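**Student:** I'd like to ask some things about the structure below.
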Amino acid sequence: MRYEFHSGAEVCKLCKEEGITIADLMLRSEMEQSMRNEEEIIDEMMYNLSVMHQSIDMGLDESNRQHGMFTGGDAVKINKYADNANMGEGMAKIVAASMAVAETNAAMGKIVAAPTAGASGILPAILIECGRNQRGFDDEILCKGLFTAGAVGCIIAEKASIAGASGGCQAETGTAAAMGAAALAEMYGASPEEALSAAAIAIKNCLGLVCDPVAGLVECPCIKRNAIAASNAVLSCDLVLAGINSLIPFDEVVEAMGNVGRSMHSDLRETARGGLAATPTAKELVKKLYK
């Protein structure tokens, strides 16, 4: 039995035939392709989980004085505000965790690129803050969530893009939101079809989002987009768990995402020549930065 897949439809077919989850399928596929055993691969995923946790802690540490060029300390602010947040304390803490990782990245700290450094805060926030801290999922379940997320990321990388330079921010934070939504849904016991529906909804919610980093740095507006994408992932999962599925199938959503990315003007694909990067304030910040 080969566990190779290239689409959501193939994932669902293989999972149904074998009576397994997306996480199980991804693990078997990785074993097949890498020629490593299950223990080695799971150990690597557990290490990734530990780095995710550490990157959240670093970004939420008030004594940590490391900052990026334009940012630092915002994750701490929203974390302190969580009790009063209109979005609710739980969601505010998920947002804070996502921003904490993105700020850690801006300060040259260690992160897990999931799928990229610019979108590195979303999956950790979903797994660690939402999954472990708020829902009590153990590391074994979180590890399975990583495998589920990996399967979704692999399909999007092959069929569309996970790079802002080729697909806009929809390809980075959008992919990360899709990965997080699918992972969270499957951790809750959703079927492969439901998990992929959650991923599809997450992508649809940010289809066409441009990549316009001020001064070419992965800080503004990237860090706040991590916050929005983390919220998007949770919402997309909840919609599916409530019985509300994506009208457009996952594979067609990914295809649309690829088409939209290719149709974007180059100024809107991480070149820092368009969007927010081209505003007067952004240009003044660039002048100050290079002085």
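The values are calculated or read from the model by the stated rules, or taken from the named source; none is laboratory data. Every value quoted in this text rests on a predicted model; they were computed, and no experiment measured them. Positions of Cβ are generated from backbone atoms using ideal geometry, with glycine treated the same way; all protein chains shown enter the neighbour counts. Side chains included, ligands, DNA and RNA excluded: accessible areas come from the protein's heavy atoms. Shrake-Rupley method; radii C 1.70, N 1.55, O 1.52, S 1.80 Å.
**Student:** Put one equal scatterer on each alpha carbon of segment 166-246, apply the Debye formula with no solvent term, and list log10 I(q)/I(0) at q = 0.17, 0.20 1/Å to two decimals.
**Tutor:** -0.59, -0.75
**Student:** Something else: For the chain, with all protein chains present and a 1.4 Å probe, just round the carbon and sulfur fraction of the accessible area to a whole percent.
**Tutor:** 54
**Student:** Calculate, for segment 178-227, the solvent-accessible area per residue in square angstrom, rolling a 1.4 angstrom probe over the heavy atoms of the protein chains.
**Tutor:** 28
**Student:** I would also like to ask the following. If you stretched the chain out fully between Glu255 and Lys288, how much longer would it get, using 0.36 nm times the residue separation minus the C-alpha to C-alpha distance?
**Tutor:** 7.8 nm
**Student:** Another question, if that's okay. Among all cysteines in the chain, which have no other cysteine Cβ under 4.7 Å from their own Cβ?
**Tutor:** Cys12, Cys15, Cys130, Cys143, Cys154, Cys206, Cys220, Cys222, Cys237
**Student:** As a test of the formula, what do you get for the chain when each DSSP H run with n ≥ 4 contributes -39,500 (n - 2.57) and the sum is divided by the residue count, at 222 nm and rounded to the nearest 500 deg cm²/dmol?
**Tutor:** -19500 deg cm²/dmol
**Student:** If you don't mind, there's one more thing I want to ask. Alpha carbon centre of segment 3-24 versus segment 124-203: separation in Å?
**Tutor:** 16
**Student:** Something else about it: Treat each spin label as a single point 7 Å out from the Cα along the C-beta direction, and report the Glu40 to Arg2 distance in nm.
**Tutor:** Label at Glu40, label at Arg2, 2.2 nm between them.
**Student:** Would you mind classifying segment 95-151 by shape? Square roots of the alpha carbon gyration tensor eigenvalues, ordered a ≥ b ≥ c; an a/c under 1.5 is rounded, otherwise it is prolate if a/b is larger than b/c and oblate if not.
**Tutor:** oblate
**Student:** By the gyration tensor of its Cα atoms, with a ≥ b ≥ c the square roots of the eigenvalues, what is the shape of segment 54-173: rounded for a/c under 1.5, prolate for a/b over b/c, or oblate?
**Tutor:** Values: a/c = 1.83, a/b = 1.25, b/c = 1.46.
Judged from the Cα gyration tensor, segment 54-173 comes out oblate (a/c at least 1.5, b/c at or above a/b).
**Student:** May I have the extent of the alpha carbons of segment 35-111 along their three principal axes, as whole Å values ordered from largest to smallest?
**Tutor:** Largest to smallest, the principal-axis extents are 48, 30, 18 Å.
**Student:** While we're looking at this one, here's another question. Hey, rough spin-label estimate for Asp138 and Asp61, points 7 angstrom out along Cα→Cβ, what's it come to in nanometres?
**Tutor:** It works out to 2.9 nm between the two label points.
**Student:** Can you give me the accessible area per residue for segment 12-109, using a 1.4 Å probe, in Å²? Show your work: numbers first, answer last.
**Tutor:** Numbers: 5240 Å² over 98 residues.
Per residue, segment 12-109 has 53 Å² of solvent-accessible surface.
**Student:** Run the paramagnetic zone check for Ile244: 7 angstrom along Cα to Cβ, then residues of segment 200-219 with backbone nitrogen under 17 Å.
**Tutor:** Under 17 Å, as judged by backbone N against the label point of Ile244, lie 200-207 of segment 200-219.
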